[in-house]
Amino acid sequence: MAANIVVSRLGWSTPEGRSLFSDLDLSFGAERAGLVGCNGVGKSTLLKLITGELSPRAGSVTVQGHLGVLRQDMRPGEGETIARAFGAETALALLARAEAGQASADDLAQADWTLEARIIECLARVGLEAHMETPLAALSGGQQARVRLAALLFAEPDFLLLDEPTNNLDAEGRAAIAQVLANWRGGAIVISHDRALLDTMDAIVELTSLGAKRYGGNWTAYRERKALELAAAERDLVEAERRVGQVDERAQAAVERQARRDRAGRAKAMRGDIPKIITGAMKRNAENTKAESTLIAERRRAQALEDVAEARQRLEVLAPFSVDVPPTGLAAGKVVLRLDQVCAGYEPARLIIEGVSATIVGPERVALVGPNGSGKTTLLAVLTGRLEPWSGEARLFASYALLDQHVSLLNPADSIRDNFRRLNPDSDENACRAALARFKFRADAALQLASTLSGGEMLRAGLACVLGVKPPQLLILDEPTNHLDIDSIEVLEAGLRAFDGALLVVSHDEAFLSNIGVTRRLELPG
């Protein structure tokens, strides 16, 4: 039987009782399917239901074939080496004993003499060269992700389930992942916000609060279809609101007609043109007619309002949130930062960056680029005073804010609202709530604890706290798109284009750098 995954009438809720899926139907075959959707909608949860890590509340998941899974932020185990990641530590140790002439006859009978060559070939497929005994902890996060993917290829699964496989990867690593998927002939479900990677998919499956929808073709084809759907949803909302107005107008006209009839009836009764018994009956009929008309009008209005609510909900699902960034007041000629022959590292004998010099003036937009392990995060630590350079000088001449990959400026134990008030002590409650609402944290959503937020929600909350009232003149972003869904990335791009301060951005996402108008690159050698 051909390998496939079938999700049938799937239902699942969070431990707090929030429903993520209800009657979800999906199927996957020998195709590369990109799984997209807003943060928190349940993409990673769906993968866990497919792998059996979670059990459905309702419905079923049927898997035909062997699964290979690459998860986000898989941390290396204590003492884990490349050999152990491949599940080959014991077999490679046996080969080492055999080569040293220390193997028994039973050992030699079990030896797989092609093993190391096959592992090296899998590592080469993801663009890596490394020794089998190399500890994973000694590799960068991007290199670790590539080792994990190579180990999946080595296991020869029928399906690859990849959760943000290009997160933290440099350009070379991203290209290697794209090449692996381009040559993959089995099934693949890829959760990603990497638009270049999604453009290599055979289909896009979008998860929303309304369910799942499959779109044939790649990311570009999907976006074209979504633009049409968004335009249709906007038209539907306008039409639904127009119907509410029509219902109200007709109801008012009916009230006015009934009032005229009532006045005419009272006038006749006062003149004595109609017997009292008949006027009494007419009055009762008029009251009954009025009550019935009122009930019908209320039903029509309730239905029209329900149509408006449904149209608005659909539009909110389709339309990304928007960001309005206040001005910084940064003058065009002001020097924002200066690096002068900076050498830094965590040990004097092992410098990570050497002789780095640069200046940012006014609202320049500079990308800090370089391969994984080249020292980008180290340089940011020097800039923000968290690490003293061994030599050289790093100086900031403007207000700044750093949003790192973990949004560590937020206190996980505090609510979004409390974090905002702590970081913006001069803002009152109204300003706080208005700023958070612009970033889609309205009403009770602003009271969520930071520790309960998804990665994308966390960065959105961080942006709200930093940009909501008085933005810094320099904004430093360390891989800001790593945990955002694509709609949020596009809105972040729009917001940063509107930001009139200076930007220093660490990112491997070329589309993002282009869309925010980066004008210069500071490249660190590998």
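Checking the Cα-Cα distances for K43/K440; K226/K376; K334/K470; K43/K376 against a 28 Å cut-off, the pairs over it are K226/K376; K43/K376. The stretch between A437 and T134 holds 104.3 nm of extra length on full extension. This uses 0.36 nm per residue minus the Cα-Cα distance. Listed values for the stretch 127-137 are Karplus-derived 3J(HN,Hα) couplings in whole Hz (6.51 cos²θ - 1.76 cosθ + 1.60, θ = phi - 60°), namely x, 10, 10, 7, 7, 4, 8, 5, x, 4, 5, and x replaces Gly and Pro. Sorting Y215, Y400, Y346 by solvent-accessible area of protein heavy atoms yields Y346, Y400, Y215, largest first, with a 1.4 Å probe.
Out of every Cα-Cα pair in the chain, what percent are more than 34 Å apart? In whole percent, the long-distance tail amounts to 52. Using a probe of 1.4 Å, the accessible surface attributed to W219 totals some 20 Å² when neighbouring protein chains are kept in position.
Report the gain in length on full extension from E99 to S19: 0.36 nm times residue separation, minus Cα-Cα distance, nm rounded to one decimal.
My answer for the length gained is 23.1 nm.
Ranking L423, L484, G456 by Cα position along the charge dipole of the stretch 419-512, where only Lys, Arg, Asp and Glu carry charges on their C-beta atoms, puts L423 farthest toward the positive end.
Pull up the DSSP beta bridges for the chain and report the antiparallel fraction as a percent, rounded to 5.
50
Computed over protein heavy atoms with a 1.4 angstrom probe, the accessible surface ordering of V7, V335, largest first, is V335, V7. Using the rule -39500 (n - 2.57) for each DSSP H run of four or more residues, divided by the residues of the chain, the 222 nm mean residue ellipticity is -14000 deg cm²/dmol. Note on surface exposure: E393, E89 rank E393, E89 by accessible area, highest first, 1.4 Å probe. Ignoring aspartates and glutamates fewer than eight residues from K48 along the same chain, the ones with Cα atoms less than 12 angstrom from its Cα are D163.
Label-to-label distance for L409 and S55 is 4.4 nm, based on points extended 7 Å past Cα in the beta-carbon direction.
Computed with a 1.4 Å probe on the full set of protein chains, the accessible area for T51 sits at about 50 Å². Rounded to the nearest 0.05, the FRET efficiency derived from the C-beta distance between A111 and H66 at R0 = 25 Å is 0.50.
I'd like the distance between the alpha-carbon centres of the stretch 220-257 and the stretch 405-475, rounded to an integer number of Å. About 34 Å separates the Cα centre of the stretch 220-257 from the one of the stretch 405-475. Ignoring everything but the protein chains, give the 1.4 Å probe accessible area of E479 in square angstrom, nearest 10. Around 10 Å² of this residue is reachable by solvent. Ranked by the mean number of other Cβ atoms within 10 Å of their residues, highest first, the peptides 440-446, 43-49, 338-344 fall in the order 43-49, 338-344, 440-446.
The values are calculated or read from the model by the stated rules, or taken from the named source; none is laboratory data. As the structure is a computational prediction, the values presented were derived from the model and not from experiment. Cβ atoms come from the backbone with ideal geometry, glycine included; neighbour counts cover every protein chain shown. Areas reflect the complete protein model, heavy atoms only, side chains present, ligands, DNA and RNA absent. Shrake-Rupley method; radii C 1.70, N 1.55, O 1.52, S 1.80 Å.
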